[in-house]
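The values are calculated or read from the model by the stated rules, or taken from the named source; none is laboratory data. No experiment lies behind these values; they were computed from the predicted model shown. Heads up, the Cβs are rebuilt from the backbone with ideal geometry, glycines too, and the neighbour counts pull from every protein chain shown.
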Amino acid sequence: MTTPAIPLPVLITALAVTGVLCATMVLLVVAVKTGREVQARRRANLLAPYRQDLIVVSAGEDHDDASMRRLAGATGIAAAVVDDAIVGLLGKIRGAPAEALVRLLVDRGKVAEALSDLSRPARGRRARAAHLLGMCRQSRAVPHLVAALGDKAGEVRAHAAHALGMIGDAAGARPVLRAVGATDPGVPAGIAAAALLSMGVEIADALRAGLADPDPRSRTVAARVSGAGSFVRSRPRLRALLADDHDLTTRTACAEALGMIGGRDDVAALGRHTQADAPLPLRRTCATALGELGEPAGLPALTTLLDDPDPRLAELAAAAMLRLSPQTVHDLAAARGVRDQDPRRGHPLEAAIVMARLHGAIG
Amino acid sequence: MNGRPGARILVAEDDHDISDLVAFKLGQAGYEVRTVDTGSAAWEAFQAAPPHLAVLDVMMPGLSGIDVLRKIRESARSTVPVLLLSARSRDADVDLGFAIGATDYVIKPFSPRELLHRVTGILARTP
C-alpha cells in the first residue's frame, strides 16, 4: 500500500500557517502577561503613597488619625486601589484596626455600592461585591447575600456563602445548607461547612433542619458540621440517618460525626455497620469512628475486623484499637505471635504498632 | 511594657502586608525586628543571629514554618520561643504546631494588639 504524497506547495502552506499560529499564540501570552505586570506595577505605584498609612492604621498605631485622614483623602483611581488594598487587609487582621478600615469603606460608600452591585449583570462584579460585604462583616447585608446564594453564577453563590460565614450571623445557616443542594452544582460543601462553622453555636436548629433536608448533599454537610462543631443535639438525627439514609455519603458523614460527638450508646450501631453486609466505605468509616469515640466497649467489634479480607479495613481497625487500648493490641499481637519489630510481615496489628511508634503514641 | 525592650525578633512571613504590619507594630513597641519572606531565609537568619523570639508563618514557599520550627528545636538554640502565625485554624493544625514545640499559636485573621501582648508575655516569661 502506498501513501499518497502531499504536494509540496500544500505542505509549505500548512507549515507556514502552523508557524504563524504558534507565533501569534506566543505573542498573545506574552502580551497578556506583560499587560498584567504593567497593571500590577501601576496599581503598586498608585498605592505607594498610601501604603505606610495603611500599615499604621492596620497596626492600630494611628493615634492622631493622621493616617486615616490621608487614606480618606485619596481620590479617583488611587481611591479605588486603596479600597482594594483595604479589602485585602480585612482578610488578614481583626479587632479595632479592622473596624476602623471598615468605617472608612462605609464612609466612602463602598458598602452601599456593593449592595447595589449584587444585582449587576456582570458576574465578576457581583462576586466582588459579595466578597467585600463579607470582609466588612456587614450584618445588614445578610438578606442580600442570602438572595445571592441563588445567583445563576456558581462563583457568586460561593462568595455569598463565604461572606455569610465571615459575617457569622446564624440567620444565614439554613439558607447556606439549602444552597448546597438547591442548585447543580450547589455551593461547594467545603465552603458551606467552613461558613457554617464560623456562625457559632446558634446554628444548632438549622443543622437539625439540614439533617432532614431532601437533598443528600445538604444532609451530608449538616452531618459533618454537627461533628466538627460538637453539636451534640444533632445526635438523635445522626443515629437515624446512619441507620437508614439512602445516600451512602450521608451515612458515612453521620458515622464520622458520631465518632466525634457520640457516646457509649453509639458503640453498638457503629459496630453493626462494620459488619460484612454493610458497604465497604461505611465499614471503614465506622471502624475509625469507634476509635475516635474512645469507648473500650468498641474493642470486640474491632477485634473481629483484624482478619477481614479487606486489608485497609483491618488496618483501620487495628489503628482504632490502638487509640482505645494500646495494651490490648500488644497483648493480642503477642498472643497471635505477631512480632511488632517486623512490619514486612504485613499484619495490620504490626502496621498499627509501627505507625503508633512513629507518631509517639506508644513507647 | 515589661517584655524585654530591645529584644531581637525574627519575623518570617511571605505576605508583605502582614510582615510589614507585624514589624511596624513590634518596632513601635521597642523591639528590634528583622523580616524575611521564606522559610529558608528564616533558618539562615536564625543561625546567623539567633533572635530572642521568632514569629513564623506556617505556610511559606520552600521550608514551611513547621519545618523551620522543627529545625530550631533540633538546634543548639532549641529553647528560643517560637510563635506560629497561621491561617490554618483546625484543631489538628494547632495541635501539630504545639506538638513540634511552638510556644504560642496565633490564627489569621489576627489582632495586631493581641499579637503584641502575646509576644510581650512570652518574652517576659523567658529567662
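Going by the structure shown, is A:ARG283 at pLDDT 90 or above, surrounded by 14 or more Cβ atoms within 10 Å (Cβ to Cβ), under 32 Å from the mean Cα position of the chain (by Cα) and of a type in the set (D, E, K, R)? Show your work before the answer.
Values: at pLDDT 90 or above: yes; surrounded by 14 or more Cβ atoms within 10 Å (Cβ to Cβ): yes; under 32 Å from the mean Cα position of the chain (by Cα): yes; of a type in the set (D, E, K, R): yes.
The answer is yes for A:ARG283.
Would you mention how many residues in the stretch A:213-247 are farther than 14 Å from A:ALA269 by Cβ and of a type in the set (D, E, K, R)? The qualifying residues number 7. Within the set A:ALA171, A:ALA206, the sole residue that is surrounded by fewer than 18 Cβ atoms within 10 Å (Cβ to Cβ), touching a residue at least 24 places away in the same chain (Cβ under 8 Å) and farther than 23 Å from B:ALA87 by Cα turns out to be A:ALA171.
Considering only the stretch B:25-33, I want to know if a residue exists there that is part of a helix (DSSP H, G or I), closer than 21 Å to A:SER58 by Cβ and among the hydrophobic types (A, V, I, L, M, F, W, C).
Here is the first cut: in the stretch B:25-33, the ones part of a helix (DSSP H, G or I) are B:25-28.
Those still in the list that are closer than 21 Å to A:SER58 by Cβ too: B:25-28.
Those still in the list that are among the hydrophobic types (A, V, I, L, M, F, W, C) too: B:26.
Within the stretch B:25-33, one or more residues are part of a helix (DSSP H, G or I), closer than 21 Å to A:SER58 by Cβ and among the hydrophobic types (A, V, I, L, M, F, W, C).
Residues in the stretch A:158-184 that are of a type outside the set (A, V, I, L, M) and in contact with a helix residue (DSSP H, G or I) (Cβ under 6 Å, 6 or more places away or on another chain): A:HIS159, A:HIS162, A:GLY165, A:ASP169, A:GLY172, A:ARG174, A:PRO175, A:GLY181. Residue pairs whose Cβ atoms lie under 7 Å apart, separated by 6 or more positions or on different chains, with the first residue in the stretch A:299-318 and closer than 13 Å to A:THR285 by Cα and assigned to a helix (DSSP H, G or I) and the second of a type in the set (Lys, Arg) and modelled with pLDDT of 90 or more, are A:ARG312/A:ARG284; A:LEU313/A:ARG283; A:LEU313/A:ARG284; A:LEU316/A:ARG284. Given the condition within 14 Å of chain B (Cβ to nearest Cβ) and surrounded by fewer than 18 Cβ atoms within 10 Å (Cβ to Cβ), answer yes or no: does some residue in the stretch A:12-35 qualify? Looking through the stretch A:12-35, none of the residues is within 14 Å of chain B (Cβ to nearest Cβ) and surrounded by fewer than 18 Cβ atoms within 10 Å (Cβ to Cβ). Condition test on A:ARG94, is it within 11 Å of chain B (Cβ to nearest Cβ) and at pLDDT below 95? Yes.
With within 14 Å of another protein chain (Cβ to nearest Cβ) and over 18 Å from B:THR120 (Cα atoms) as the only criterion, which of B:ILE72, B:ILE18, B:ILE66 stands out?
Details: B:ILE72 fails: within 14 Å of another protein chain (Cβ to nearest Cβ); B:ILE66 fails: within 14 Å of another protein chain (Cβ to nearest Cβ).
On inspection, the qualifying residue turns out to be B:ILE18.
Would you check if B:VAL94 is more than 9 Å from chain A (Cβ to nearest Cβ), among the aliphatic types (A, V, I, L, M), in a helix (DSSP H, G or I) and buried (at least 19 other Cβ atoms within 10 Å of the Cβ)? When the stated conditions are applied, B:VAL94 does not pass them. All conditions in (1) of a type in the set (S, T, N, Q); (2) under 30 Å from A:LYS92 (Cβ atoms); (3) at pLDDT below 95 hold for A:GLN52, with the sole exception of (3). For the stretch A:319-337, state whether one or more residues are at pLDDT below 75 and in a loop (DSSP other than H, G, I, E, B). Scanning the stretch A:319-337, I find at least one residue that is at pLDDT below 75 and in a loop (DSSP other than H, G, I, E, B), so the answer is yes. Among the residues of the stretch A:121-138, those that are closer than 24 Å to A:ALA74 by Cβ and part of a loop (DSSP other than H, G, I, E, B) comprise A:CYS136, A:ARG137, A:GLN138.
Regarding the stretch B:103-110, can at least one residue be identified that is of a type in the set (S, T, N, Q), away from chain A (no Cβ under 14 Å) and within 13 Å of the chain's Cα centre (by Cα)?
Of the stretch B:103-110, the ones of a type in the set (S, T, N, Q) are B:103.
Checking which are away from chain A (no Cβ under 14 Å) leaves us with B:103.
Filter again for within 13 Å of the chain's Cα centre (by Cα), leaving B:103.
Yes, the stretch B:103-110 contains a residue that is of a type in the set (S, T, N, Q), away from chain A (no Cβ under 14 Å) and within 13 Å of the chain's Cα centre (by Cα).
Restricting to the stretch B:78-91, and then to whatever is within 13 Å of another protein chain (Cβ to nearest Cβ) and more than 17 Å from A:LEU89 (Cβ to Cβ), can you tell me which residue is surrounded by the fewest Cβ atoms within 10 Å (Cβ to Cβ)? Ranking the candidates gives B:ASP91 first. The residue of the stretch B:79-112 that is nearest to B:TYR31 (Cα to Cα), among those that are charged (D, E, K, R) and at pLDDT below 95, is B:LYS108. The residues of the stretch B:97-117 that are part of a helix (DSSP H, G or I) and not acidic (Asp, Glu), listed by number, are B:GLY97, B:PHE98, B:ALA99, B:ILE100, B:PRO112, B:ARG113, B:LEU115, B:LEU116, B:HIS117.
Here the condition is being within 14 Å of another protein chain (Cβ to nearest Cβ), within 12 Å of the chain's Cα centre (by Cα), among the β-branched types (Val, Ile, Thr) and closer than 17 Å to B:PRO109 by Cα; of B:VAL11, B:VAL33, it holds for B:VAL11 alone. Residue count for the stretch A:49-77 under the criterion of being of a type in the set (Gly, Ala, Ser), outside any loop (DSSP other than H, G, I, E, B) and away from chain B (no Cβ under 14 Å): the result is 3.
For B:GLY62, the criteria (1) assigned to a helix (DSSP H, G or I); (2) over 27 Å from A:GLU61 (Cα atoms); (3) touching a residue at least 24 places away in the same chain (Cβ under 8 Å) hold in every case but one, which is (1).
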